[in-house]
Amino acid sequence: MSEYVELKRPLFTPFFMALALLVGLAVVFLAVRFVNGMGSVANLNGGYSWGIWVVYDIVVGTALACGGYALAVTVYVFNKGKYHPLIRPALLTSLLGYGFAAFGAFVDMGRWWQFYNLFLPWQMNFHSVMLEVGLCVSAYVMVLSIEFLPTILQRFRAQALAQRIESVLSRALFFVIALGILLPTMHQSSLGSFLIAMGWKVHPLWQTLHFQPLLAVLSAFTMGFAIVVLESSLAAAAFRRAPETPLLAGLGRIIVGLIVAFLVIRFAAILWQGKLGRIFAFDLGSLMFLIETALFAYPLAVLISPRGRRNAKKLLYAAASMVLAGALYRFDAFLITFDPGPGYSYFPAFPESMVTVGTVAAEIMAYLYFVKKFPVLPREEHAAA
Amino acid sequence: MDRRNFFKASLGATVASAAALASSSVQARPNLEPAPDAVGMLFDATLCVGCKACVTKCKQVNGMPPVPMGGDVHADFALDLSAQTLNVIKVHAEGKGAVKDVLVDGFSFEKRSCMHCVDPGCVSVCPVKALKRHPGTGIVSYDVDACIGCRTCMTGCPYNVPQYDYNNALGKIHKCQMCNQKGVERIDQGMMTGCAEACPTGATLFGTRAALLEEAKRRLALKPGQVYNYPRGDVRKPDSFHEKAVPEYQRTVWGEKEAGGTNVMHLSSIPYDKLGMPPLGERSFASISEGVQGTVYNYMALPAIALGGLTWLVRRNIEGGHDEGGKQ
Amino acid sequence: MAKDSNFSFDASTDFAAIEQRLGVSRRTFLKFCTGVAASFGLGTKAAFAMAEAIANPAKRPPVIWLHGQECTGPTESLLRSEQPTFEHLILDLISLDYHQTLDAGAGHRVEAVKREAMEKYKGKYLLVVEGAIPLAQNGIFCKIGGQTMMDATREAAENAAAIVAFGSCASWGGVQSAAPNPTGATGAPQFLKGKTVVTIPGCPPNPANFLGTVLYFVTYGKLPPIDDKGRPKWAYSRLIHENCYRRPHFDAGRFATQFGDEGHRQGWCLYKLGCKGPETYNNCPSLEYNNVGGGVWPIGVGHPCFGCSEQGTGFNKPMFSLAEVKTHTPPNAFPNIADRQNPTSSTVVAAAAVAGAAVGAFLGATAVAGKKLDGKQAEASQSADKGA
């Protein structure tokens, strides 16, 4: 009866074991980090206090995990029920993305044993973007867990307890879903607000001040759709299933609209703030900006024509380009063109980058585990229909 | 979902975001005002002789070890602010670097320590109130028991002042707390800061922000070459004076207005950007950021309305069934 | 001196005669020579050369000693010199032919002796000037035997083998040259433009600096290396501040703020009391004063250096005003503005490889998946066509 099925494939493939190896390495480095301090594995310094752990795991990672958010808006707010089959895998990637982002935040926390202060009302600084992000991410991980709970429970349907929980859940689910839409909107925009407070250290082309929250949430939303397309296409290719191109083509149309909105607002902001000349300065900032814009423009060019949208391969490439564009937009603002002043430099250390690689590997492992053991992926016939 | 509802929803979203954006520029809070009894320091780079007595005194007051060069402790070779150094004397030298307080072929000293901003970025961004601006003295202090080590203060500080101790598994943020931290409390006891007390020339002068600003402006009003009686120690009750010819100062007091102003102000003969001062306007980034955040999250009104609307929409769509097939 | 050994003398050096003449033991005598040589930074060889020079009375240079505007402080301090004592200096090391303070005779007779000596030792005598030379109103403010100091100096300098300005007054004008300087007091080097004048500034100057310079002249027949102000480098090339035993207190920020306060009693740095050590070049920290011992020199007894030997400092700057700290040619020990405490790990290359691999893996996976999807879609459309 369900439109979702578990994938009947062996879990412990050589690929899976290779990922496990990467995770093992990351665990070793993390042990060093917790015993000897962050400096023993990471290249952070007085100017670059945030490295890839924050910028990849949290800033980029949560944006990559916006698939669940984007689809929830489409399905439940704009009532496009036909995308419903895509929602479970998207929720799963969101849950994993956010879960590991929270984990990354914890690892990066210099005084992690005091993290509970974030949840003590008398300690909260309501002006702080970080507080907002911390609370929203924590809440959203919980919301995603609840949203994903039916998938877990479906497997244990025989049990009475599971059924009772599910019946309670289904009555409150609309509220949970609403929260699951609000929370990412709030903190994805806040990730942009971070940049306002960083002030002059953010490159002028990325320092759009009042436009930061809007640009951040727009790009995250776009990345959410792109990641759904990407994930679905990769899964189809990897598990040799039929691609869900017709459904994805619809998402492609949405992506086009969002990219246009993003680019228009961004260029308008730059123009309004009189920084247009910076684009053609041909320094690091200008080059990164041009690369970014090209990565945004490519999916726009491909997906604007219905033919491009219906081509599975082109759709995938467009989505990949969009994901890269959104990720680069964040990397550029927070790290690559971020300049805290003369003399400071940052490039991740090997152990530091391996911790991030290990996190991604763990995410993929968890994804493989869930799609193979739980009904996550849509039934193939459905997708082909 | 019919056409009408779609338009309603999208119109609502557009209006909400447009309103948020528009009001953010209207409602944005202005810079904070200096604390009523703000204390601070005035660093006059032209008086600094580079003796580093302030660096030593600071380490003594704060119980911090010297930063050795190459493993052996011979002397303090701190290059910059760090978890071991809250105050450091640096130099800007150009060309031959022969003449003090001259730009071409000259050099100038510069003191790096917390500026104690009037509208501090670190306080604004800290999620757990680990950094606080004292309501009376304006001193920006740090509460180690609240800090979660997220290091947002470091990103939010325009001067890169707060320093996390990366080489310690239980590391914390280190920054100048104007010698008034728990266990030191020099200001509360009516003393001045360690560095101002140690400074032999009055290059680091202690006092209230108002008195220091007055003193700084008095110096700027003097003609270069004119002999001025420079006070040492506390500008309100100097322990002594010394005479010196007035140099050619830059025309502004750094910290009077920059990003809302600072309680620790600087005077110099060479341009401030050469001394590593960041490019700041008069508006503090904290005020812009809080303006945007405040607009969106004022009493959580906007999120609450949004949540209500979303709940209604989602519930209606789930119960009414999706228009294009599929169901939960 | 023998070629093969530094430690023997020519047969002509008659030490028995020296012992007799100087009234000191051979051992004490050699110790003195070695000490003087050491203060030049010269070796044992030079010490023996000096010993030989002193032992040979034929080499004793005749000296004409003039006094201008001054307090006779340099002579007074020289009178209290111990190594050697002054009488040894004037009786055995040099031939003091004219000295207005010490000459037993007086009046026209002495002036006549001076002229005779100047004539007799033309081009060979050493001229020592003590005191400033007033230039205002044709120098009428200082006259000896009806001759102004200007004329006396100019006359004596004419045929001198070397000229030594002894004391701050002679070196750059001293106390009477301080504003408003009504007499136009001027130092010998400024007055005798074009002539090399060795200056031994100080108020009073350290006799050791004078003796060392004279001995160098006696030994080598030329003047020691001097700086741009005519000061022998061996004595005046070091800043007091950089050789002061109180310097660690300066570096540590420990300053006496009042006479008799806790810091003053602890022997802390006197900079805040106006010590001019940071702008004064002299060897007081190492030689102290007049062999009194026990750390006797201004800073040693707890008074800030007054900068007595430094032109533009002593008598020109208020005694308790702050000195300029002259020597730290940057960036010797100061970090530059852009210097940071960066922990830089050497593993960034490996990290860069990881980043490259990650991006590569993403692009590669996308490309491979794209190809597969292309095939699938073709298949699907084929089967769809068939179905239709």
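Nothing in this text is a laboratory measurement; each read-out follows from the coordinates by a stated rule. Here the structure is a predicted model, which is why all the values come from computation and not from measurement. Glycine also receives a Cβ, built like all others from the backbone with ideal geometry; neighbour counts cover every protein chain displayed.
Listed values, structure above:
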item	result
Folded to 0 to 90 degrees: helix C:44-55 orientation relative to chain C principal axis, Cα	10 degrees
Of A:Ala301, A:Ala327, A:Ala65, the one that fluctuates the most in a GNM where chain A has Cα springs shorter than 10 Å	A:Ala301
Distance from segment A:106-125 to segment A:309-377 (C-alpha centre basis), Å	26 Å
Mean separation of Cα contacts under 8 Å, 6 or more apart, over the residue count of segment C:238-331: relative contact order %	30 percent
Cα gyration tensor, segment C:238-331 - rounded (a/c under 1.5), prolate or oblate	rounded
Loop trypsin sites (Lys or Arg not before Pro), segment B:177-213 (other Cβ atoms within 10 Å of the site Cβ: 10 or fewer; DSSP)	B:Lys182
Beta bridges per DSSP with both ends in segment B:63-133, % antiparallel, nearest 5	80 percent
Length-normalised contact order of segment C:229-289 in % [C-alpha pairs under 8 Å, at least 6 apart]	44 percent
Span-like helix ranges in chain A, DSSP H, alpha carbon extent 30 angstrom or more, Kyte mean at least -0.5	A:14-36, A:87-108, A:129-155, A:160-198, A:212-238, A:245-272, A:350-373
Calculated [θ] (222 nm, deg cm²/dmol) that DSSP helices of n ≥ 4 give over chain B, each run adding -39,500 (n - 2.57)	-9000 deg cm²/dmol
Centroid-to-centroid separation of segment C:252-330 and segment B:130-194 [C-alpha atoms, Å]	38 Å
Sparsely packed chymotrypsin sites (Phe, Trp or Tyr not before Pro) within segment A:9-50, loop by DSSP, other Cβ within 10 Å at most 12	A:Phe12
Cα gyration tensor shape for segment A:266-369, rounded if a/c is under 1.5, else prolate or oblate	oblate
Top of C:Leu89, C:Leu192, C:Leu102 by mean-square fluctuation, Gaussian network on chain C, Cα under 10 Å	C:Leu102
CD proxy at 222 nm, helix term only [per DSSP H run n ≥ 4: -39500 (n - 2.57); per residue of chain A; nearest 500]	-22000 deg cm²/dmol
Residues of type lysines that A:Lys82 reaches as a straight line, Cα spacing below 16 Å, ignoring anything fewer than 8 places off in the same chain	B:Lys327
Two-site label geometry, C:Gln147 and B:Ala221: point separation in nm, points 7 Å out along Cα→Cβ	6.1 nm
Of A:Lys201/B:Lys217; B:Lys182/C:Lys272; B:Lys52/B:Lys175; C:Lys233/C:Lys272; B:Lys172/B:Lys274; B:Lys175/B:Lys217, those spanning more than 20 Å from alpha-carbon to alpha-carbon	A:Lys201/B:Lys217; B:Lys182/C:Lys272; C:Lys233/C:Lys272; B:Lys172/B:Lys274; B:Lys175/B:Lys217
Segment B:71-133: chymotrypsin sites (Phe, Trp or Tyr not before Pro) in DSSP coil with no more than 15 other Cβ atoms inside 10 Å	B:Phe77
Relative contact order (%) - segment C:60-235, alpha-carbon pairs under 8 angstrom, separation at least six	23 percent
Degrees between helix B:285-297 axis and first principal axis of chain B (Cα, 0 to 90, nearest 10)	20 degrees
Shape category assigned to segment A:124-261 from the gyration tensor of Cα positions, a/c cut at 1.5	oblate
GNM top mover of A:Ala297, A:Ala242, A:Ala325 - chain A, alpha-carbon springs below 10 Å	A:Ala242
Lysines with Cα under 19 Å of A:Lys314, excluding same-chain neighbours fewer than 8 positions away	C:Lys371, C:Lys372, C:Lys376
Acute angle (nearest 10 degrees) that the helix C:149-158 long axis makes with the longest principal axis of chain C, alpha-carbon atoms	80 degrees
